[in-house]
Amino acid sequence: SYTSFMLHYNFPPYSLGEVGRFGAPGRREVGHGKLAWRALNPVLPSREDFPYTIRVLSDITESNGSSSMATVCGGCLSMMDAGVPVKSPVSGIAMGLILEGSDFAVLSDILGDEDHLGDMDFKVAGTENGITTMQMDIKIAGITQEIMAKALEQAKAGRMHILGEMAKALTGARTEVSKHAPRIETI
């Protein structure tokens, strides 16, 4: 199928303090890139309203948290700065879980250790009006409705806070596309 929106997500080994080879995208790059793409795609204008092909490039240089959700936030801001008339700004947050018997704690904006040692990695992205994508990885047999409700509630509060911080940089898309973008004229 045809798409005019590409998101390239690069996660080199040095971003985790590791040594490794560069080459074709691995499982992480493909999965995290697709998650960020799914978060941003619903707010893009139609091809008729915006006849440009959009490419967002996310080069992760350091990671101790959710680089895919950072890609969502940074990607949204970069498109708005370039003059892409997004329908609404999108932010993302990674939620975690510590479960001990029937006691639990839902963590917001988890760090690498909380992801590694915790029981859940739950990424939620969306606008002020709703969720555009989410992905959950769990290390336990399952979660209860109570845990899910709490995680979604905290994720919404976190997303709203992040959207507020993003608005301090840019409240909406610029009215003109970047001066570096090709101009399209119909004669």
Discussion item. I'm trying to understand the selection: among the residues of the range 1-19, which are under 21 Å from GLY75 (Cα atoms) and assigned to a loop (DSSP other than H, G, I, E, B)?
Written reply: TYR2, THR3, SER4, PHE11, PRO12
Worksheet item: Of the residues in the range 102-133, how many are modelled with pLDDT under 95 and of a type in the set (Gly, Ala, Ser)?
Response: 2
Response to the item:
Just one listed residue, out of GLY65, GLY101, is in contact (Cβ under 8 Å) with a residue 40 or more places away in the chain and surrounded by fewer than 17 Cβ atoms within 10 Å (Cβ to Cβ), and it is GLY65
Worksheet item: Which one of ALA141, ALA149, ALA125, ALA94 is surrounded by fewer than 15 Cβ atoms within 10 Å (Cβ to Cβ) and outside any loop (DSSP other than H, G, I, E, B)?
Response: ALA149
Worksheet item: Is at least one residue of the range 66-79 modelled with pLDDT of 95 or more, assigned to a loop (DSSP other than H, G, I, E, B) and more than 22 Å from ASP109 (Cβ to Cβ)?
Response: no
Practice prompt. Among the residues of the range 80-91, count how many are of a type in the set (Val, Ile, Thr) and either surrounded by fewer than 23 Cβ atoms within 10 Å (Cβ to Cβ) or modelled with pLDDT under 95 (or both).
Written response: 1
Worksheet entry | Test for LEU44: is it of a type outside the set (Asp, Glu), surrounded by 12 or more Cβ atoms within 10 Å (Cβ to Cβ) and more than 13 Å from the chain's Cα centre (by Cα) | yes
Worksheet entry | Pairs where the first residue, in the range 7-32, is surrounded by 13 or more Cβ atoms within 10 Å (Cβ to Cβ) and the second is modelled with pLDDT of 90 or more and of a type in the set (Asp, Glu), C-beta under 8 Å, 6+ apart | TYR9/GLU29; ASN10/GLU29; ASN10/ASP59; PHE11/GLU29; PRO12/ASP59; SER15/GLU62
Worksheet item: Which of (1) at pLDDT below 95; (2) part of a strand (DSSP E or B); (3) hydrophobic (A, V, I, L, M, F, W, C) is the odd one out, the single condition VAL56 does not satisfy?
Response: (1)
Practice prompt. Of all residues in the range 161-187, count the ones that are touching a residue at least 60 places away in the same chain (Cβ under 8 Å), assigned to a helix (DSSP H, G or I) and either of a type outside the set (Val, Ile, Thr) or under 15 Å from ASP49 (Cα atoms) (or both).
Written response: 4
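The values are calculated or read from the model by the stated rules, or taken from the named source; none is laboratory data. For clarity, every value in this text was computed on a predicted model and none was experimentally measured. Cβ atoms come from the backbone with ideal geometry, glycine included; neighbour counts cover every protein chain shown.
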